[in-house]
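First the structure, in the form of C-alpha cells, and then the observations on it.
Nothing in this text is a laboratory measurement; each read-out follows from the coordinates by a stated rule. Note that the structure is predicted; figures quoted are calculated from it, not measured. Glycine gets a Cβ as well: all are built from the backbone with ideal geometry, and neighbour counts include every protein chain shown.
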Amino acid sequence: MAFFATFDLREPINRAVETLVERHGDRLHALNDLLLQGLLLPLERVLRQAPPWLVLLAVLLLAWRATGRWRVAATLTVACYLIGCFGLWDALMQTLALVLVATALAVLLGLPLGIAIAHSRRLRAVVLPVLDVMQTLPTFVYLIPAVMLFGLGKVPAILATVVYAICPLVRLTDLGLRQVDPEVQEAARSFGTTRWQLLLGVQLPLAWPSILAGVNQTVMMALAMVVVASMIGARGLGEEVLAGIQTLDVGRGLQAGLAIVLLAVVIDRVTQGFGRGRRPDGEPGARP
Amino acid sequence: MFRPIVLPLLGLALTAAVAAAPASAASTASPWCQSGKPVKVAGLNWESGELLTELLKTVLEQGYGCRVELVPSTTITIEHALAQNDIQVVAEEWVGRSEIWNKAAAAGKVKGVGRVIVGASEGWYVPEYVVKGDAARKIRPVAPQLASVRDLPSYKQLFRDSEEPAKGRFLNCPSGWSCEGVNSQKLKAYGLTDSYVNFRTGSGAALDAAIASAYQRGQPVLFYYWAPTALMGKYRFVRLAEPAYNEACFATLTDRNHPKPCGSAAPEALIQTGVSRAFHDADPVLMGFLTRFNVPLPLLNAALAEMVERKDTPAEQARRFMTAHPEVWRDWVPQDVAERLGARR
C-alpha cells in the first residue's frame with residue numbers, strides 16, 4: 001500500500017552506539033585523558049601562562065616573516081591586542097590552543113592522505129565522496145556520540161574539528177600534486193630520481209602553494225567550528241559567543257564573535273603570506 | 001522583580017479561583033481562533049516541553065478548531081517573542097527563573113496561567129549505583145557514605161576531572177542557562193571551588209550525553225539535573241541533600257555576583273503555561289482550558305521515559321497519551337470540547 005518501503009536506520013545505529021559506549025567507552029575515555037594530558041593541556045598552559053607581550057611579539061615576528069611588510073605585521077598584532085582589550089585574552093589562548101592542535105592533526109593526517117589519493121585513481125574514487133560526507137553531515141550529529149565515547153570537552157571537539165577541517169587540505173594537496181607539470185616530472189625521472197626523490201624534491205615543492213592554501217582553509221574551517229565545539233563544553237571564545245546568544249546578550253556575543261573574526265584574519269594573513277612567499281616564481285598566480 | 005516564594009502562592013490562589021468556576025461556563029468557542037488568527041505556540045526544545053506542547057496543540061486543534069503554528073526557538077528568544085505577542089503560548093514556563101520573564105511579567109506583557117506541572121524537582125544528583133551499588137550490573141557501591149553536598153570534598157577523586165585531575169568535575173548547566181549561575185554560586189556556598197571544577201556543558205544535549213554515557217558505563221558522575229525529564233524516568237539517580245530552602249540565601253544564589261552566597265535548596269518550581277497579554281485578554285475560553293491544563297508528575301515522567309525508550313516523536317507520544325488517558329484531558333475542557341476530542345480518538 002505504501003509507496004515507500006520501510007527502511008529505518010535509527011534502531012540499529014542507536015544499538016550500535018550503545019554497545020560501543022558500553023564495551024569501549026572506558027578505554028576511549030582513557031585515550032581522551034591521554035590526549036589531554038599529553039598534548040593539549042601542556043600547549044594550552046604554555047600559551048595561557050606566557051606573558052601577553054611575548055605572544056604579541058611572536059605574532060609580530062611571525063606576521064613580518066610571512067608577509068614581509070612591517071605595516072601589515074603591525075596591524076595584525078594590533079588586532080590581537082584588541083582581543084585582549086575586550087578582556088578575552090585567556091579565552092583567545094584557549095581557542096588558539098584548540099585550533100593549533102586541530103590543525104596540526106589535520107595536517108598530519110590530511111597531507112599523507114592527499115598525497116595518496118593524488119597517486120591512486122582508485123583510492124581517490126573512494127575518498128572524495130567520504131570527504132563530501134564529512135563536510136556536509138551536520139556536526140552535532142556526530143558530536144553527541146563523540147561526547148558519549150570520549151567524554152565532554154576539548155578532545156571530542158578537536159576530533160569533530162579535524163573531521164570537518166581536514167577536507168580542503170586533502171583536496172588541495174591532491175589538486176596541487178596532480179597539476180605539477182608532467183614535463184618537469186619527466187625531466188626529473190630522466191635524471192634517474194626515485195619515487196621518493198621525485199615526491200620530496202619535485203612534486204611537493206611545486207605543489208606547495210596549493211598545499212598551503214589547503215592549510216589556510218583548514219585553519220579557517222577549524223575556527224568556524226569553535227562555537228560548535230563550545231556546545232560540548234570546550235572553553236574559549238566559542239563559549240563567550242554561546243553564553244552571549246543564550247542570554248540574549250547581543251553585545252557579548254558579537255564582541256566574542258568579532259574576536260574570532262580578528263583571530264581568523266590574523267591566521268589567514270600569516271598562512272597566506274607563507275604560501276605566497278614560497279611560490280617558486282615569487283608571484284602569486286603567475287604560473288601558466 | 002518577583003521573589004520565587006511569592007509566585008507559588010500566587011499561582012495556587014489563581015488555580016483555586018479558576019477551578020471554582022463552573023467548567024462549562026458560557027460559550028466554548030474560542031474568540032481568537034474564530035477570528036481566523038493562528039495561535040502561535042513556542043516549540044520548546046526539552047522533552048517535557050515538547051510533549052506538553054504537542055498535547056496543548058492537539059486540544060487546540062481538535063477540541064477548539066484552532067489553527068496552531070509551532071515556532072521553534074530557544075527559551076530566551078521565546079520569552080522575548082511572547083512579551084511582543086509574536087507568539088501566544090509557551091506550554092511549560094518555569095516562572096521566575098529568568099530576568100526576561102520577570103521583567104515582562106512585571107510590565108504586564110506576559111501572564112502565567114494554571115499549573116501545568118506540579119512537584120517538579122531539581123538539584124545535584126549522582127547515579128544510584130554510586131551510593132548503593134548495583135548487583136545486577138556487578139557495580140559495587142563506591143561512595144556508600146555520600147548523602148549530602150557537604151560530603152563532596154572527600155569524594156573529589158571519584159568524580160575526577162580529566163582536564164584538572166587534582167579536582168573533581170561537577171557537570172553544570174550550559175553557560176547562559178539561569179541554573180548555571182545558581183550552581184556556580186552554590187559551588188562557592190558549599191566551599192567546593194577548591195575541590196571541584198565548575199564544568200559548563202555547553203548544551204543540554206551534551207549534558208544528557210555525558211550523563212547517559214557515564215550511566216551506561218557504570219561510572220561515577222556528579223551533575224545538576226531536574227525532573228520531569230526522560231533521563232529521570234529512565235535511570236535511577238540519587239539527589240544529594242542540601243540545606244533547606246531559605247529565601248534570603250536563595251537570593252544570594254540567583255545573584256551571580258554575590259561575593260558570599262549561602263547554601264539553600266531551590267524552592268519548589270512554579271511551572272505554568274505562559275501566555276501573551278493580548279492573547280490572555282482576547283480569549284477567556286482558551287484561558288479556561290489553560291488554567292486547568294496539567295499532567296500529573298508520575299504520569300508525565302512515565303510518558304517521557306516511554307517516549308525516549310521507544311524513540312518516538314513527541315507528536316506520536318502525545319497521540320498515545322490522549323488515547324490512554326482520557327480521564328486526564330477530560331478535566332481540562334468543557335463537556336462539548338471533550339466530546340469533540342473523544343470523537344477523534
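Could you put B:THR313, B:THR75 in order, starting from the residue whose Cβ has the fewest other Cβ atoms within 10 Å? Kindly include the intermediate steps, with their values, before the conclusion.
Details: B:THR313 13, B:THR75 24.
Ranked by crowding around the Cβ, least crowded first: B:THR313, B:THR75.
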Tell me, what is the percent relative contact order of chain B, built from C-alpha pairs under 8 Å that lie six or more residues apart?
-> 26 percent
With Cα atoms, 0 to 90° folded angle of helix B:204-217 axis to chain B main axis | 50 degrees
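Given the convex hull of the Cα atoms of segment B:277-319, what is a quarter of its surface area in nm²? Please report the intermediate quantities before stating the final value.
On the way: hull surface 16.3 nm².
Computed as one quarter of the Cα hull surface, the answer is 4.1 nm².
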Express as a percent, rounded to the nearest 5, the fraction of DSSP beta bridges in segment B:121-254 (both residues included) that run antiparallel.
-> 55 percent
Candidate span helices, chain A: DSSP H, at least 24 Å along axis from Cα coords, Kyte-Doolittle average at least -0.5, result A:89-119, A:154-178, A:204-224, A:250-277
With r as the distance between the Cβ atoms of A:LEU39 and A:TRP196 and R0 = 35 Å, compute the FRET efficiency 1/(1 + (r/R0)^6) and round to 0.05.
-> 0.75
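If Rh is defined by the Kirkwood formula over all Cα pairs and Rg also comes from Cα, what ratio Rg/Rh do you get for the protein assembly as shown?
Details: Rg = 28.8 Å, Rh = 27.8 Å.
Using only Cα positions, Rg/Rh for the protein assembly as shown is 1.04.
Determine by what factor the alpha-carbon radius of gyration of segment A:200-274 differs from 2.2 N^0.38 Å, reporting the quotient.
Values: Rg = 16.1 Å, N = 75, 2.2 N^0.38 = 11.3 Å.
Cα-based Rg divided by the globular estimate yields 1.42.
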Proxy exposure order for B:VAL149, B:VAL118, A:VAL155 (fewest C-beta within 10 Å first) is B:VAL118, B:VAL149, A:VAL155
Summing -39500 (n - 2.57) over the DSSP H runs of n ≥ 4 in the protein assembly as shown and dividing by its residue number, what mean residue ellipticity at 222 nm do you reach, to the nearest 500 deg cm²/dmol?
-> -18500 deg cm²/dmol
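How long are the semi-axes of the equivalent ellipsoid of segment B:203-270, defined as square roots of 5 times the Cα gyration tensor eigenvalues? Whole Å, largest first. Mind dumping the intermediate values first?
Values: eigenvalues 150, 36, 28 Å².
Each semi-axis is √(5λ); the values are 27, 13, 12 Å.
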Give the Kirkwood hydrodynamic radius (Å, one decimal) of segment A:112-246, defined as one over the mean of 1/r across all pairs of different Cα atoms.
-> 16.7 Å
Whose amide H sits under 5 Å from the amide H of B:VAL71, counting only residues 5 or more places off or on another chain, with H placed in the peptide plane?
-> B:VAL41, B:ALA42, B:GLY43
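Which whole-number percent of Cα pairs in chain A have a distance greater than 33 Å? Display every interim value, and only then the final one.
On the way: 13807 of 41328 pairs.
Everything past 33 Å amounts to 33 percent.
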In degrees, nearest ten, helix B:47-58 long axis to first principal axis of chain B (Cα) | 10 degrees
Fewest Cβ neighbours within 10 Å first, please rank B:PHE223, A:PHE140, A:PHE4 accordingly.
-> A:PHE4, A:PHE140, B:PHE223
Evaluated at q = 0.23 Å⁻¹: base-10 log I(q)/I(0), Debye formula over Cα of segment A:62-184 = -1.20
Alpha-carbon Rg with Dmax, taken over segment A:1-131, Å = 22.7, 73
Determine the distance separating the Cα centre of segment B:240-276 from the Cα centre of segment A:175-207; give it in Å without decimals.
-> 70 Å
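In the protein assembly as shown, what percentage of the DSSP-assigned beta bridges are antiparallel, given to the nearest 5? Don't jump to the answer; show the numbers that get you there.
Details: 19 of 33 bridges.
Expressed as a percentage, antiparallel bridges in the protein assembly as shown total about 60.
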Dimensionless Rg/Rh of segment B:54-124, both radii on Cα and Rh by Kirkwood, sits at 0.99
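Please compute the alpha carbon radius of gyration of segment B:196-345, then divide it by the globular-protein estimate 2.2 N^0.38 Å. Two decimals is fine. Mind dumping the intermediate values first?
Working: Rg = 20.0 Å, N = 150, 2.2 N^0.38 = 14.8 Å.
That ratio works out to 1.35.
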Would you kindly compute the Cα radius of gyration of segment B:127-196 and its largest Cα-Cα separation (Dmax), both in Å?
-> 13.6, 39
Given backbone amide H placed at 1.01 Å from N, residues whose amide H is under 5 Å from that of B:GLU92, ignoring those fewer than 5 places away on the same chain, are B:GLY274
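Have a look at the DSSP beta bridges in chain B and tell me what percent are antiparallel, nearest 5.
Here the antiparallel bridges make up roughly 60 percent for chain B.
Apply the a/c threshold of 1.5 to the C-alpha gyration tensor of segment B:19-156 and tell me whether it is rounded, prolate or oblate.
Here segment B:19-156 falls in the prolate category.
State which entries of B:LYS167/B:LYS260; B:LYS132/B:LYS188; A:LYS154/B:LYS234; B:LYS37/B:LYS57; A:LYS154/B:LYS186; B:LYS40/B:LYS111 exceed 20 angstrom in Cα-Cα distance in the structure shown. Don't skip to the answer; put the middle values down first.
Values: B:LYS167/B:LYS260 22 Å; B:LYS132/B:LYS188 28 Å; A:LYS154/B:LYS234 28 Å; B:LYS37/B:LYS57 15 Å; A:LYS154/B:LYS186 25 Å; B:LYS40/B:LYS111 16 Å.
Check vs 20 Å cut-off fails for B:LYS167/B:LYS260; B:LYS132/B:LYS188; A:LYS154/B:LYS234; A:LYS154/B:LYS186.
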Expressed to one decimal in nm², the mean projection of the alpha carbon convex hull of chain B is 17.6 nm²
State, as an integer percentage, the relative contact order of chain A based on alpha-carbon contacts under 8 Å between residues 6 or more apart.
-> 23 percent
Of the residues B:LEU82, A:LEU113, B:PRO220, the Cα lying farthest along the dipole of the protein assembly as shown towards its positive end, which is defined by charges on the beta carbon of Lys, Arg, Asp and Glu, belongs to A:LEU113
Once both labels are modelled 7 Å past Cα along the beta-carbon direction, what's the B:ALA248-B:ALA343 spacing in nm?
-> 6.1 nm
Taking Rh as the Kirkwood radius, which is the inverse of the mean 1/r over Cα pairs, what is the Rg/Rh value for segment B:162-243?
-> 0.94
Calculate the length of the line joining the C-alpha centroid of segment B:60-94 to that of segment A:55-104, in whole Å.
-> 45 Å
Amide H proximity to B:ARG160 below 5 Å, modelled H, separation 5+ or other chain, gives B:ARG169
Signed unit charges on C-beta, dipole axis of segment A:26-277, positive-most listed residue A:LEU137, A:CYS167, A:ALA207 | A:ALA207
